[in-house]
Structures are given as structure tokens and as C-alpha cells.
Amino acid sequence: MQRLYDFLRRHPTWVDGFWAFVLLGISGIGLVSMAEGAGREPQALSIPIALGFALVMTLRRRATEKMLVLAAVLGFLQLVFDVGTMPANFAMLVIVYTAAADGARWASRFALVGGLCAAPLSMMRWPTENTDTVGLVLLTMFQIVPFALAWVLGDSIRTRRAYFAQLEERADRLEKEREAQAKVAVAAERARIARELHDVVAHNVSVMVVQADGAAYVMDTAPDQAKKALETISGTGRQALAEMRRLLGVLRTGEPEESGEYVPQPDVEQLDDLIEQVRTAGLPVDYKVEGTPRPLPSGVELTAYRIVQEALTNTRKHGGENAGASVRLVYFDDGLGLLVEDDGKGAPHELYEDGGADGSGHGLIGMRERVGMVGGTLDAGPRPGGGFRISALLPLKPAH
């Protein structure tokens, strides 16, 4: 039965043709019965008109507007040539419904007007005998009702289909918007991971290079210092490897894996370890905290840590010999202030901001992106008399 039902849904014209054949048979039986009862042959146009209404019933969904016009012409011929009503006239109700549900707007209006006029014209052409005026009016109204109901039902179907089509369109649009938002979120996450990788590689590898150079220099004269430098290289390498595993795990799975190998996101409490690591690498750093320390949003803490890390990495890379740095962390009521300065006399920092001699050129750009993500401000530039200065203000409440 399901296969039969699916077949009929795929071939609606066959279904309409079957009902047209039934309607034509009933009309033929009616014409023969009328002829036998009246004792006269049916009019010659009765059969062609019945066949025409059968055609209207068959093709009503394939050529709605044309079949509506054909039904109107057949009805007009019935009136002109005095061909009485027959069961085939039921096709007029069907085509009124179809035009209201599937036809063009003009066809729907034409079907409404024609359906409302059909009953009065029929009563005027073939009045009922022995019926007073009130009875004729009531009978006419009774015959108008089926045409009005057919049109109302068809128009309701049209409205419902339009409503469901609108819902489907809205659902498709929302789905596309969700996909677009997901792609944007993925791109933003990958950009964040790229910045994280840049910070990890730039900082830890520079520490390892400095320590390796120092170990090679004192290998023969001070073995203990060389051993300490190698231990620093080993620890820094493990830390960098753990962070890179965490970030690569995010790239693979979309979210950090629950594994002991992955380290948590760094925060301001780890700045002491970072600065001690930098000092061990040979860069003097003066570190002070002003205000009352308190818990901060994770995004602000990560941003503050990465800014200090990147600034000190730049000082080691570009500050030149005998460079020193200072770090100030200030807790305000509504924000966190950062000030990182150095007195290096090395290559101009502007070169490395826009892509300079060593081709890095992404440190300060990454800082600005990080600060912008938390709604803060960043000021970076050369200091009077030499050196470089980075100042950032990170709000503790998101900007509206």
C-alpha cells in the first residue's frame, strides 16, 4: 500500500484522470436516464461538454489557468445552448479549488467571481418551477455556498504552503548563518592558536638559543655553568613541547584533550616564573606589582602574560648587549595596567613591527590583536633616549 501511495503521489495526473473517468461515466448514465425518462434524445452538445469537463478534471494541476478558462467556456456554452446541468459540472467546483490553491493570482480571483456567478446564472437560465422569489433566493444562496467553500479551502491551502515555504526558507537561512558563524569561530580559534604558537616558539626557543650559546662559551672554563644552562634548555624545551602539544591537540579535535601532558593557560601568577626564566637567560628584569592583586578574567590574565612574554622576547632579540628591562603590573579598580620598558640600543623596533630584517614582524601585531579581543588599548613605540616601551590597559569588564 505504501508503494501504491507513493506512486499516486508522484503521478497526480493519473489520479485526476481516474476521477475524471468516473465523473464522465456518471454523467453518461445521467444523460441516458434523462433521455429515457423524458422520451427524447439528449442534446448533441451534452457529450462534448461532458468530455470537456472530464479534460478539465484530468489536467487541472498541469495547466490550471488554461483549464479554468476552458471550464468557463463550457459553462457559457451550456447557458447559450440550453444544455442543462449534469454531474460533469462538479469539475467546476474542483477547478475553482485548484485555481485558488495553485493558480496565478488573476486565476484565483477569476475563479472566485465565476464561482459566485455560476449559481445565479444557472437559476436564471433554468428556474425551478412552483417556487416563489424567497425560495429562489434561498436556493441560489445554497448553491453559491459550495463554490465559496471550495475557493476558501483552496486559498487556505495556498496560504499554508506559503507559510511552510517561508519557514523552510528561514530554517535554511538560519542553518547557513550558523555554518557561517561556525566557520568564523573556527577561523578566530585558529588565529588565536597561531598567536599562541608564535608566543611559545618565539619565547622558549630564544631562551634555548641564548642558553646554548652561553653553555658553548663556558663549556671548557666553567663546566658547572654550562651544566646549569643545559638544564635550563631542557626545562624550557619540555615546557614549550607541552604547550605545543596542547595547541596542536586543539587543532586536531577542536577542543583541548583531557591529558596530563597539556598545561593550563598561563596567567599573571606565572609571571614570576617567566621573569625568573628570562633573568636566568641573561636579561636583567625589574619586576613590580602595584595595587591589590585579585582574581581576573582568564582572557585578561592570558593576554597580560603573553604581552610580557612577547615584550621580553623582543628585548632579548633586538635590545642588543647589556640591555635591561622593567615590568610593571598595576591593578586598578576597573582594569589591569601593564608597562614593559627596556633600554636596549639594538635595531629599531619599528622594523620588527611591520616585518623587518629577521622576517618575524608579527609580535606587536599579535599583541594588538590580543588586547583588542579583551577590549583594551595598547601603546607601543621607542622611548626618548633609546629603548622601547609597551603600555597596555586591559579592562576587567567587556566593552559594550
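Along the Cα→Cβ direction, 7 angstrom out, place labels at R238 and F18. What is the inter-label distance in nm?
According to this spin-label approximation, the distance is 8.0 nm.
Quick one: net charge around A100, please, counting Lys, Arg +1 and Asp, Glu -1 for every other residue with C-beta under 11 Å from its C-beta. Don't jump to the answer; show the numbers that get you there.
Numbers: positive: R105, R109, R158; negative: D102, D155.
Summing Lys/Arg as +1 and Asp/Glu as -1 gives +1.
Compute the signed sum of charges (Lys and Arg +1, Asp and Glu -1) over the other residues within less than 15 Å, Cβ to Cβ, of L23.
Here the charged neighbours net out to 0.
Give the accessible surface of the stretch 83-170 per residue, rounded to a whole number of Å², with probe radius 1.4 Å and ligands, DNA and RNA excluded.
That works out to 61 Å² per residue.
Could you tell me the calculated FRET efficiency between C117 and K176, based on Cβ-Cβ distance and R0 = 60 angstrom, to the nearest 0.05?
Calculated transfer efficiency: 0.80.
Check cross-link reach from K183 to the lysines: straight Cα distance under 29 Å, and skip same-chain residues fewer than eight apart.
List returned: K397.
Hey, what do the phi angles of the stretch 15-29 turn into as Karplus ³J(HN,Hα) couplings, whole Hz, using 6.51/-1.76/1.60 and θ = phi - 60°, x for Gly and Pro?
So the J values, rounded to whole Hz, are 5, 4, x, 4, 5, 5, 5, 4, 5, 5, x, 5, 5, x, 4.
Tell me the Kirkwood hydrodynamic radius of the stretch 1-126 in angstroms, computed as one over the mean inverse distance between distinct C-alpha pairs.
By the Kirkwood definition, the hydrodynamic radius is 15.3 Å.
Taking only C-alpha pairs under 8 Å that are 6+ residues apart, what is the relative contact order of the stretch 1-126 in percent?
25 percent
If the limit is 25 Å between Cα atoms, which of K227/K317; K227/K345; K228/K288 go over it?
Flagged as over cut-off: K227/K345; K228/K288.
Using only the alpha-carbon atoms of the stretch 93-171, report the extent along each of the three principal axes, biggest first, to the nearest angstrom.
Answer, in whole Å and largest first: 61, 18, 14 Å.
Could you sort 66-75, 90-99, 10-19 so that the peptide with the highest average Cβ count within 10 Å comes first and the rest follow in order?
By packing density, highest mean first, the sequence is 90-99, 66-75, 10-19.
When Lys and Arg each count +1 and Asp and Glu each count -1, what net charge do the other residues less than 14 Å away from R60, Cβ to Cβ, add up to? List each step's numbers first, then the result.
Working: positive: R61, R62, K66; negative: D16, E65, D102.
Neighbour charge sum, excluding R60 itself: 0.
The values are calculated or read from the model by the stated rules, or taken from the named source; none is laboratory data. Computed from a predicted structure; not experimentally measured. Positions of Cβ are backbone-derived with ideal geometry, glycine not excepted, and every protein chain shown enters the neighbour counts. Ligands, DNA and RNA are excluded from the accessible area calculation, which covers all protein heavy atoms including side chains. Shrake-Rupley method; radii C 1.70, N 1.55, O 1.52, S 1.80 Å.
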